[in-house]
Structures are given as C-alpha cells and as structure tokens.
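Enquirer: Here it is: the structure, laid out below.
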Amino acid sequence: MDSILPGVLNCINEGLVIISVDLEITYWNPFMEKLSGKKSEAVLGQNVDKVLPTLERPFFHNAVQRLINGGNPVFFSAAMHRNLVSQDHRVNLKINRVTVEDKVSLLLEFIDVTNQFQRISQLRDYVSQLSHLNSQLKQKEKVIEKLAYYDKLTGVANRALFDKFADKYLNIAKARGTMLGLMFVDVNEFKLINDTYGHNTGDKVMTRVASLLTESTRKNDIVCRYGGDEFLVLLPDIRTFRDYQAIADRIEANKKRHIVQDGYDIWLSLSMGISFFPDDGQTIDELIAKADEFMYVNKHEIRQKNL
Amino acid sequence: MLVANKISREDILTELFNIGVGQAASTLSDIIDKQIGLTIPEVKILDAAKAKVELNKYLLQVAEGAVMVSSISFDSQLEGKVSLLFPADKMHHFIDLCLHETHVETENTLEFNDIDFDTIKEIGNIVINSIIGELSNTVNIPVEYTLPEVDVLNNASADHFVDSEEYRLVLMMFLAFDIEETEIAGAIVINMTLKSLDDILNTIDRLYNGS
C-alpha cells in the first residue's frame with residue numbers, strides 16, 4: 001500500500017505540498033509544479049514561505065503554529081489571498097496536520113479555483129451589461145410615455161392622458177361624493193398672434209400659456225392641451241366654489257396682459273369657463289360641453305368690454 | 001453546580017472569548033490589510049428554551065430572518081456544535097470590504113457565489129478557531145473539528161441552531177464586527193452536551209476560584 005501512495009499523490013489534480021513543522025518542503029507533487037511553475041527538485045528542502053513569499057506573513061506562521069499544537073484544519077480562500085502560488089492561478093489553500101509514528105507533518109492542499117473566478121467575472125459582466133441595458137430601456141420607456149401622453153409643443157398632458165385621469169377623477173368624485181371641476185381655457189385672438197408675429201412666436205406663446213396654467217393650479221390638477229389654442233384643466237377634490245375661485249384668481253394674477261416674446265410686446269388674453277360634477281353634468285363629455293359653453297359666454301363678455 | 005457562581009463563570013467566559021476574538025481580529029487585519037475590531041460584549045449560559053427566545057430576537061431584529069451561517073461540529077472530549085451567524089443582507093458589503101472590491105449591482109441580493117462562500121468560510125474558520133481554541137487551551141481539553149460549512153438560510157429560526165434534544169445547554173454571545181466604520185452584528189451559538197459544558201465550567205472554577 002505504502003509503495004503506491006506516492007504514485008497516487010502524483011496523479012491528483014490538486015497541488016499537494018507536505019512540509020515539516022519547521023516549514024521545510026518534503027513533498028511537492030506534479031500538479032503543484034504546474035500551478036507554481038516551480039519544479040520539485042528546485043524546492044525540496046527549502047522553506048515553503050521562501051518558495052511562496054505570500055506566505056511569509058504572521059497570519060500564516062500563527063496558523064501553522066496553532067495547527068501543530070491543536071490539530072484543527074486551516075483554510076485560506078483565493079479571494080482573500082491573491083497570487084498565493086502564481087499570478088495566473090487563483091487557489092484555495094487547506095492545511096491539515098498529519099501525524100505518522102509521532103512525527104508531525106503538515107499537508108497543504110492548493111485547490112485551483114481559477115475557472116470559478118473567470119465564470120463569476122463573466123457573469124458579473126453580463127449582469128452589468130443587462131443592468132445598463134435595463135436602465136436604457138427604462139429611459140426609452142419614459143420617452144415613449146412622454147410621447148404617448150404629453151403634448152410635444154407645450155409639455156402638458158395630451159388628450160390621451162386627460163381621458164385617463166378624467167375617468168379616474170370622476171369615479172373618485174362619484175365614490176366620495178365630492179365635486180370635480182373642469183375648466184375650459186381658450187387663448188383669445190391666437191390666430192391674430194400667429195399672423196402678426198409668426199408661427200414660431202405663436203408656438204412660444206402657447207408654451208407660456210401652458211406654463212402659466214401649470215404654475216397656477218395644484219399638484220394633482222391636470223392641465224391638458226385640448227386643441228390648437230384650447231386647454232382643459234381637471235380640478236379634482238373641489239369641495240366648494242371657493243376652492244375653484246382660489247385657482248382662477250391665481251391664473252388671473254399670473255396672467256400678464258402684455259407679455260414680451262421674441263422682442264415683441266404681445267397682448268395676451270384668456271377666456272375661461274368652468275363646469276362642475278355633479279351640478280353641470282354626469283359625464284366628462286357633458287362637463288366639457290358645459291365648460292365650453294361658459295367659456296364662450298366669458299369670451300363674449302371680454303369682447304364686449306374691449307369694444 | 002451549574003447555577004452557583006453563574007455570573008462569574010459568564011464573566012470569565014466573556015473575558016476568555018474576547019482574548020480569542022482579539023487574536024482573530026489581529027489575524028484578519030493582517031490578511032486583509034485593514035483595521036478590524038471584534039468584540040463580544042457578553043456571554044450567556046442558557047438552557048435551550050431561553051436560548052431560542054434570545055436567538056429569535058436577534059433573527060427578527062438584526063437579521064430579519066435571513067442569515068449566512070458558518071458552523072462546525074466538534075467531538076473528542078468535548079462534544080457540540082458551534083454556529084457563527086451574520087445577517088445575510090449585510091454580507092455582500094462586508095465581503096466587498098474584506099476583498100477591497102465594489103459590486104453595486106449585487107449589493108442587495110441574497111444570492112452568493114462560491115467566492116463569497118469561501119471568503120466567509122475563511123473568516124468563520126478564523127473566528128471559530130479563536131473561540132474554541134482559547135476555550136480548549138484554557139481548560140486544557142482537546143477539541144477536534146473540521147473546516148466550517150457555510151450556508152445561507154432564509155426565514156431562519158432558532159430551531160436551526162439550538163437542538164434542545166441533544167444538547168440542552170447553550171453558550172450564546174453576540175459579536176460586534178467592525179470594519180472601516182461598518183459594524184456587522186453577528187451571533188455565536190455553541191451547543192454543548194451537558195457533560196461537556198460541566199467539564200468546562202468545573203475546570204474554570206478550579207482555575208479561577210480554586211474550588
């Protein structure tokens with residue numbers, strides 16, 4: 001049996017080193033030659049911490065001493081101990097005490113885990129690439145959502161988003177017994193602005209009206225560009241007419257009669273009509289029709305005043 | 001015999017284990033080239049039922065039920081099992097600190113690879129060696145064991161670590177692991193046969209109290 005053991009150790013695909021209690025190398029198997037690039041003849045009789053200099057540290061010497069005294073195995077991981085045997089291989093090191101006829105030796109097993117490190121590194125790269133792709137997709141989703149639900153020129157909600165919120169807010173108002181306000185806003189004489197100052201300036205004026213409405217309304221109110229120069233504003237959770245009046249007053253205060261755009265002094269005027277669920281209608285279409293009607297009354301009043 | 005001098009025995013064990021983990025901290029600092037603090041504020045000797053209550057508190061409050069555990073069984077003259085528990089959700093950050101690495105994408109997952117397991121196996125080996133080694137040296141009773149097994153347990157409960165049938169008495173301690181101002185609250189549970197613990201405590205009494 002003893003005669004075949006050296007042959008068996010030579011066949012094992014694991015770096016095997018046997019050292020004495022003085023750290024002198026007494027056995028160095030062929031796989032260890034492959035891992036370290038050092039031939040057995042060159043290292044036998046030398047101290048292991050001189051042949052493998054990363055072991056020339058207090059943690060190794062202390063571990064060996066404890067192992068010689070106590071006999072319990074020691075483990076050093078490839079992750080915490082880089083370049084244990086060479087720069088090309090990552091190895092875990094297990095050390096056990098072997099006692100034969102009162103003579104104590106230490107068996108060092110160098111287990112090659114280089115492939116594990118490579119695979120994990122590849123997986124980390126894939127995860128990183130996927131994570132990057134995922135964030136790109138999320139950004140694109142946001143852009144698509146913006147295109148689908150927001151008006152390209154003014155940045156406020158388009159009709160699709162308005163419809164979505166209108167149904168939601170109407171259902172909440174019905175369930176809670178609260179009011180829902182719907183404001184119809186029209187930019188007076190917008191065609192004249194376009195004809196006088198050009199479409200480019202007209203577009204900028206439209207954007208400023210959208211900003212004015214957004215700044216004057218509450219966080220949960222929905223400002224929507226309904227048509228060319230028409231806006232709708234959904235006002236959920238209105239409890240009294242005063243709640244609406246506070247918003248209308250803010251629009252009035254923010255609305256500058258004259259605005260300067262592209263160096264032109266432009267007269268800006270808005271006509272507004274408001275309808276309320278449940279008094280003015282039971283559906284969004286009825287509320288829009290009613291608010292449109294009141295908006296025309298307001299437009300007529302403004303025209304009369306300016307005559 | 002076990003109840004008398006209980007406080008002083010616990011104090012003695014606390015001091016012994018702190019010497020052990022102090023050496024473990026020094027070894028780990030040498031390996032990873034960073035300042036590491038390891039302290040055990042208090043050791044408790046509990047019966048299995050009380051140990052389960054204490055441990056369940058830790059699992060619920062600190063580890064939220066998911067732990068990474070290194071455990072070894074020992075036999076020869078002393079028989080038992082020791083488990084070193086860490087909150088699993090903190091372990092990626094902890095391992096990264098030990099390896100001087102940063103992996104933001106895996107920081108919050110409970111998935112661990114072989115490299116992570118081997119890192120914890122080494123740390124577990126060093127910490128457990130230091131505790132059991134110190135105990136074994138002090139009472140001069142040899143302890144034999146293998147390398148730790150490392151596992152991640154989701155929804156872990158104290159029943160995983162405290163075996164009331166076989167061991168009945170438990171040494172329990174919490175471990176404050178401090179690395180670069182990040183503190184990881186670990187727990188160590190040592191299940192021992194009544195005879196083993198009795199042997200240890202009697203030896204300690206003889207050594208420190210002369211009885």
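Enquirer: Between B:Ile141, B:Ile95, B:Ile120, which is more than 24 Å from A:Leu93 (Cβ to Cβ) and within 12 Å of chain A (Cβ to nearest Cβ)?
Expert: On inspection, the qualifying residue turns out to be B:Ile141.
Enquirer: Still on this structure, please answer the following. Find all pairs meeting these conditions: Cβ atoms under 8 angstrom apart; at least six residues apart or on different chains; first residue within the range A:225-241 and part of a loop (DSSP other than H, G, I, E, B); second residue among the aliphatic types (A, V, I, L, M) and at pLDDT 95 or above.
Expert: Taking only residues 6 or more apart or on different chains, the pairs are A:Tyr226/A:Leu232.
Enquirer: Also, I was wondering about something else. What are the residues in the range A:8-28 that are open to solvent by less than 40 Å² (accessible area, probe 1.4 Å) and within 24 Å of A:Asp102 (Cα to Cα), if any?
Expert: Passing the criteria: A:Leu16, A:Val17, A:Ile19, A:Ser20, A:Leu23, A:Ile25, A:Trp28.
Enquirer: When residues of the range A:199-210 are filtered for being touching a residue at least 24 places away in the same chain (Cβ under 8 Å), surrounded by 15 or more Cβ atoms within 10 Å (Cβ to Cβ) and not charged (D, E, K, R), how many remain?
Expert: Number of matching residues: 6.
Enquirer: If a residue has to be assigned to a loop (DSSP other than H, G, I, E, B) and either in contact with a Ser or Thr (Cβ under 7 Å, 6 or more places away or on another chain) or surrounded by 10 or more Cβ atoms within 10 Å (Cβ to Cβ) (or both) to count, how many in the range A:130-156 make the cut?
Expert: Of the residues in that region, 5 qualify.
Enquirer: Follow-up. Could we say that A:Asp280 is of a type outside the set (A, V, I, L, M, F, W, C) and either closer than 25 Å to A:Tyr149 by Cα or surrounded by fewer than 16 Cβ atoms within 10 Å (Cβ to Cβ) (or both) here?
Expert: For A:Asp280, the condition - of a type outside the set (A, V, I, L, M, F, W, C) and either closer than 25 Å to A:Tyr149 by Cα or surrounded by fewer than 16 Cβ atoms within 10 Å (Cβ to Cβ) (or both) - is not met.
Enquirer: Here is a further query. Considering only residues that are part of a strand (DSSP E or B) and β-branched (Val, Ile, Thr), which ones fall in the range A:206-224?
Expert: A:Ile222, A:Val223
Enquirer: Just give me the residues in the range B:63-97 being closer than 17 Å to B:Met172 by Cα and free of Cβ contacts under 8 Å to residues at least 40 places away in the same chain, in sequence order.
Expert: None; the set is empty.
Enquirer: Next up: What pairs come up if the first residue lies in the range B:28-44 and is within 14 Å of chain A (Cβ to nearest Cβ), the second is outside any helix (DSSP H, G or I) and open to solvent by less than 40 Å² (accessible area, probe 1.4 Å), and their beta carbons are under 7 Å apart, counting only those six or more places apart or on different chains?
Expert: B:Leu28/B:Ile36; B:Ser29/B:Ile36; B:Ile31/A:Met80; B:Ile32/A:Met80; B:Lys34/B:Ile179; B:Ile36/B:Ile179
Enquirer: Moving on. Which of the residues belonging to the range B:157-178 are open to solvent by 10 Å² or more (accessible area, probe 1.4 Å), among the small types (Gly, Ala, Ser) and at pLDDT 85 or above?
Expert: B:Ser157, B:Ala176
Enquirer: Here's another thing I want to ask about it. Name the one entry in A:Glu101, A:Glu109, A:Glu41, A:Glu33 that is acidic (Asp, Glu), crowded, with 18+ Cβ neighbours inside 10 Å and more than 8 Å from every other protein chain (Cβ to nearest Cβ).
Expert: A:Glu109
Enquirer: Take the residues in the range B:146-156 that are touching a strand residue (DSSP E or B) at 6+ places or on another chain (Cβ under 6 Å), within 12 Å of another protein chain (Cβ to nearest Cβ) and in a loop (DSSP other than H, G, I, E, B); name whichever of them is surrounded by the fewest Cβ atoms within 10 Å (Cβ to Cβ).
Expert: Residue satisfying both the conditions and the ranking: B:Leu147.
Enquirer: Still on this structure, I have one more. Does B:Asn129 qualify as being under 21 Å from the mean Cα position of the chain (by Cα), touching a residue at least 12 places away in the same chain (Cβ under 8 Å) and either within 17 Å of B:Ile190 (Cα to Cα) or at the interface with chain A (Cβ under 9 Å from one of its Cβ atoms) (or both)?
Expert: Numbers: under 21 Å from the mean Cα position of the chain (by Cα): yes; touching a residue at least 12 places away in the same chain (Cβ under 8 Å): yes; either within 17 Å of B:Ile190 (Cα to Cα) or at the interface with chain A (Cβ under 9 Å from one of its Cβ atoms) (or both): yes.
So B:Asn129 fits the description; yes.
Enquirer: Have a look at A:Glu252, A:Glu189 and point out the one that is in contact (Cβ under 8 Å) with a residue 12 or more places away in the chain and either charged (D, E, K, R) or on the phi > 0 side of the Ramachandran plot (or both).
Expert: Criteria check complete, one pass: A:Glu189.
Enquirer: A:Lys174 passes all but one of (1) modelled with pLDDT of 90 or more; (2) under 24 Å from the mean Cα position of the chain (by Cα); (3) of a type outside the set (Asp, Glu); which number fails?
Expert: Exception for A:Lys174: condition (2).
Enquirer: Follow-up. In the set A:Gly181, A:Gly155, which member is at pLDDT 90 or above, under 25 Å from the mean Cα position of the chain (by Cα) and not assigned by TED's automatic domain parsing to the domain that holds A:Met32?
Expert: A:Gly155
Enquirer: Okay, next question. Identify, from the list B:Ile141, B:Ile123, B:Ile190, B:Ile132, the residue that is out of contact with any strand residue (DSSP E or B) (no Cβ under 7 Å at 6 or more places or on another chain), crowded, with 22+ Cβ neighbours inside 10 Å and not charged (D, E, K, R).
Expert: Matching residue, one of B:Ile141, B:Ile123, B:Ile190, B:Ile132: B:Ile123.
The values are calculated or read from the model by the stated rules, or taken from the named source; none is laboratory data. Please read these numbers as outputs of a predicted model, since none were measured by experiment. Note that each Cβ is placed from the backbone with ideal geometry, even for glycine, and that neighbours are counted across all protein chains shown. Just so you know, the surface numbers come from the protein's heavy atoms only, side chains and all, with ligands and any DNA or RNA stripped out. Shrake-Rupley method; radii C 1.70, N 1.55, O 1.52, S 1.80 Å.
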